[in-house]
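Only one structure is covered here, and it is reproduced in the block below.
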Amino acid sequence: MKNIIETNNTYHVLNKSIAGYEIFNSEEDYLRIIRAMRFFSLDGSLPKFSQFLNFKKVERVGFENALEERSKEEPIVDIIAYCIMPTHFHFVLKQNKDQGISEFVGNLSNSYSRYFNSRYSRRGPLWQGRFKRVKVDSDEQLRHLTRYLHLNPVSAGLVKDPSEWRCSSYCEFVEPEIIDNPICNYEGVLDINPEKYKEFVLSRADYQRDLEVIKKRVLE
């Protein structure tokens, strides 16, 4: 029973590419996974994702508007926070219906694998295996977890400030007023003051970056 993902609970979800292969290489790749995240978090009668992308209405009114008009039901998961890295992804997800997280991650991973293998003329599996998940048991754990996610690109030396990373939820937390189509829904789960949260994240940036350097040296 302890391995069951429980509805109405929140989880840290992670999966990595096979053999550390870089699977997010371009703006088009990141846009694809972001759109897939929006699409597969929803419930209801939707067409195949690849078909939906080619609908004339999507081109006419935009992907987000077309998707909002198509699905009115409660999402199967709420995306509380996320960070897409070149070789892996992190999500903080709240499950809204039974099997919702497994359904979301499975559909997202399989869809992106098909896209990636087609785009880059590749065959075979893209992911190491089944995704890993850890239940979030407290508000404090959740706040520290979102900070860890948002600092991933900084720790990896990809950017100096988390706001520079194009594929994480950090800006939704610290600059919500400039986000036209937010992906995350942390209402009722996290009470975020943007300025205080920014201080909270940046106060840990140097430590987390140094820790990553030490880890790499130990593994060399």
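The values are calculated or read from the model by the stated rules, or taken from the named source; none is laboratory data. Here the structure is a predicted model, which means the values were calculated and not measured. So basically every Cβ, Gly included, is an ideal-geometry build from the backbone, and we count neighbours across all protein chains shown.
Conditions tested, residue by residue: (1) farther than 27 Å from Asn3 by Cα; (2) at pLDDT below 95.
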site	(1), (2)
Phe52	yes, yes
Glu68	yes, yes
Asp78	no, no
His90	no, no
Gly100	no, no
Phe104	no, no
Arg123	yes, yes
Gln128	no, yes
Inset, instruction - Take Phe116 and decide whether it is surrounded by 15 or more Cβ atoms within 10 Å (Cβ to Cβ), assigned to a helix (DSSP H, G or I) and either of a type in the set (Ser, Thr, Tyr) or in contact with a strand residue (DSSP E or B) (Cβ under 9 Å, 6 or more places away or on another chain) (or both). - result: no
Inset, instruction - Out of Glu28, Glu6, Glu22, Glu74, report the one residue that is part of a loop (DSSP other than H, G, I, E, B), over 21 Å from Asn185 (Cα atoms) and either of a type in the set (Asp, Glu) or free of Cβ contacts under 8 Å to residues at least 24 places away in the same chain (or both). - result: Glu22
Legend entry - Qualifying residue in region 147-156 (condition: of a type in the set (S, T, N, Q) and crowded, with 17+ Cβ neighbours inside 10 Å): yes
Legend entry - Odd one out for Leu42 among (1) under 23 Å from Asn15 (Cα atoms); (2) part of a helix (DSSP H, G or I): (2)
Inset, instruction - Examine region 164-171 for a residue that is touching a helix residue (DSSP H, G or I) at 6+ places or on another chain (Cβ under 6 Å), modelled with pLDDT of 95 or more and either surrounded by fewer than 15 Cβ atoms within 10 Å (Cβ to Cβ) or under 15 Å from Lys94 (Cα atoms) (or both), and state whether such a residue exists. - result: no
Inset, instruction - Filter region 131-146 down to residues that are in contact (Cβ under 8 Å) with a residue 24 or more places away in the chain and in a loop (DSSP other than H, G, I, E, B) and give me whichever is surrounded by the fewest Cβ atoms within 10 Å (Cβ to Cβ). - result: Phe131
Legend entry - Those residues of region 60-82 which are surrounded by fewer than 20 Cβ atoms within 10 Å (Cβ to Cβ) and aromatic (Phe, Trp, Tyr), in sequence order: Phe63
